[in-house]
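To keep things clear, I will list the structure first and then write my remarks on it.
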Amino acid sequence: MLTLLYKNIFKPIAFKFDPEFVHDQITLTGIFLGKFKITRRFTKLLLSYSSNNLVQTVDGVKYLNPVGLSAGFDKNAKLLNILPSVGFSFEEVGSVTLEEYEGNPKPRLYRLKKSKALVVYYGLMNKGVKVISQKIKNALKTDMVIGVSVAKTNCTRTSDEQAGIEDYYECLKYLVDNNIGDYYTINISCPNTFGGEPYTTEDKLEKLLNKLTQIRVNKPIYVKMPINLPIQEFDKLIQVIVKYKMNGVIIGNLTKVRDPQLIKDSIPENVKGGISGIPTQELSNNLITHTHRKYGDKLTIIGVGGIFSAADAYEKIKRGATLVQLITGMIFEGPELIKQINSGLDKYLKMDGYTNISEAIGAYNR
Ligand SMILES: Cc1cc2nc3c(=O)[nH]c(=O)nc-3n(C[C@H](O)[C@H](O)[C@H](O)COP(=O)(O)O)c2cc1C
């Protein structure tokens, strides 16, 4: 019912407006709904789904279901109070950087309606680690897991390799020293920054993780992976990640490739950025299978990219993802998608004879 309303009334109107404006209005609505017990309860009644079959403990952290909000939707941690009622078991705040960045010039969000995708060019826009940490501290304490995605401040100063590493280090250290968040993600793969993606080569990632592992962290750390590298180079990054005993990888970030087979909309020349949604789906799925087959015993995999249904989420889980995240699917399908995914996963588990979601992880690779 809600999905019908969203798709037939809200979306046709909202999709006529600038996507960044719509996103800002949705954020304001979320902040409002998160303020009061009654609005939180009502939202939960409409949107939430719970089942013991979906509960699992991953790297020591308890998740009520496997579906999270991916980094980039709630950059400044404004939605922490409402998201548990929307049905997410976790959200990744950020990406957060040491210093504030006001974002790349507009347009920095562009819809590709036919391709079910977005072009994203925010370039790590956020309020900086101190402001965001305070927001997290002030939020209601709920059972939603809070991940914090850490990146380097987007400015010319940090395009120098060593300065960039120091910037990541100070940001992560601030979070750890102030006990902010339940897990951390090192985002090495934002495509829209000064100097490109500087830590997606083996030697540079080695230097970055060598420095970051000097911080004593007693929470899980994941690395957010690029999805456009040749497999040999991707593998080399994974080997560094295993060497530095990271808990896992998030596969993965936006695609930089404008594949005409997948991108059916024409993109104006002034629209720059990485692409989310369906064009990332297969790239992400193949890398999940590859990583699970080779490193499944050493790394937790969080699968992201083009999840628009329970079937899409289950596919990633059977390929080897322990948890999944999404953004674009929710924008195209509406907020009821999270409930549909969780209830759909519960049904799939029963159909396949599993009693818990953890039993389905990597089922294709056995
Ligand atoms: C508007 C928007 C902003 C994003 N910003 C970030 C970010 O700051 N950090 C990050 O690691 N990923 C960011 N991403 C990438 C998403 O977290 C995700 O990896 C990607 O969109 C694929 O998932 P989806 O198809 O479900 O959207 C962003 C994506 C979108 C759509």
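The values are calculated or read from the model by the stated rules, or taken from the named source; none is laboratory data. The shown structure was predicted, so the numbers you read here are calculated from the model rather than taken from an experiment. With ideal geometry, Cβ positions are generated from the backbone for all residues, glycine too; neighbour counts draw on all protein chains shown.
Structure summary
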quantity	calculated
Whichever residue in segment 249-262 is in a loop (DSSP other than H, G, I, E, B) and within 14 Å of the ligand (Cβ to nearest atom) and, among such residues, is farthest from the chain's Cα centre (by Cα)	LEU262
Scope segment 263-296; condition more than 12 Å from the ligand (Cβ to nearest atom) and over 24 Å from TYR244 (Cβ atoms); matching residues	ILE263, LYS264, ASP265, SER266, ILE267, PRO268, GLU269, ASN270, VAL271, LYS272, ASN286
Selection count where residues are in contact (Cβ under 8 Å) with a residue 12 or more places away in the chain and in a helix (DSSP H, G or I), scope segment 202-238	17
Options LEU79, LEU98; residue that is buried (at least 19 other Cβ atoms within 10 Å of the Cβ), touching a strand residue (DSSP E or B) at 6+ places or on another chain (Cβ under 8 Å) and part of a loop (DSSP other than H, G, I, E, B)	LEU79
Only listed residue being surrounded by fewer than 19 Cβ atoms within 10 Å (Cβ to Cβ) and under 23 Å from ASN286 (Cα atoms), chosen from GLY344, GLY353, GLY329	GLY344
Verdict on THR158 being modelled with pLDDT of 85 or more, touching a helix residue (DSSP H, G or I) at 6+ places or on another chain (Cβ under 8 Å) and over 12 Å from LYS224 (Cβ atoms)	no
Number of positions in segment 136-156 that are in a helix (DSSP H, G or I) and either closer than 22 Å to ILE221 by Cα or within 16 Å of the ligand (Cβ to nearest atom) (or both)	2
Test: ALA311 is of a type outside the set (Lys, Arg), touching an Asp or Glu at 6+ places or on another chain (Cβ under 8 Å) and surrounded by fewer than 19 Cβ atoms within 10 Å (Cβ to Cβ)	no
Condition met for TYR222 (of a type in the set (Phe, Trp, Tyr), modelled with pLDDT of 95 or more and surrounded by fewer than 18 Cβ atoms within 10 Å (Cβ to Cβ))	no
So GLY305, is it touching a residue at least 24 places away in the same chain (Cβ under 8 Å), within 12 Å of the ligand (Cβ to nearest atom) and surrounded by 17 or more Cβ atoms within 10 Å (Cβ to Cβ)	yes
VAL93 being touching a helix residue (DSSP H, G or I) at 6+ places or on another chain (Cβ under 6 Å), touching a residue at least 24 places away in the same chain (Cβ under 8 Å), within 19 Å of VAL249 (Cα to Cα) and within 13 Å of the ligand (Cβ to nearest atom)	no
In segment 311-366, residue nearest to the ligand (Cβ to nearest atom) [restricted to those that are over 17 Å from the mean Cα position of the chain (by Cα), assigned to a helix (DSSP H, G or I) and small (Gly, Ala, Ser)]	ALA311
Test: residue in segment 278-295 that is in a loop (DSSP other than H, G, I, E, B) and either closer than 25 Å to PRO84 by Cα or not acidic (Asp, Glu) (or both)	no
Candidates THR300, THR280, filtered to the one that is farther than 19 Å from PHE332 by Cβ, crowded, with 16+ Cβ neighbours inside 10 Å and at pLDDT 95 or above	THR300
Those residues of segment 202-238 which are over 20 Å from the mean Cα position of the chain (by Cα) and basic (Lys, Arg), in sequence order	LYS204, LYS207, LYS211, ARG216, LYS236
Residue within segment 165-180 that is in contact with a strand residue (DSSP E or B) (Cβ under 6 Å, 6 or more places away or on another chain) and within 27 Å of ARG40 (Cβ to Cβ) present	yes
Positions within segment 157-181 being assigned to a loop (DSSP other than H, G, I, E, B) and free of Cβ contacts under 8 Å to residues at least 12 places away in the same chain, in sequence order	ASP160, ASN179
Residue in segment 46-63 that is in a loop (DSSP other than H, G, I, E, B), within 11 Å of the ligand (Cβ to nearest atom) and aromatic (Phe, Trp, Tyr) present	no
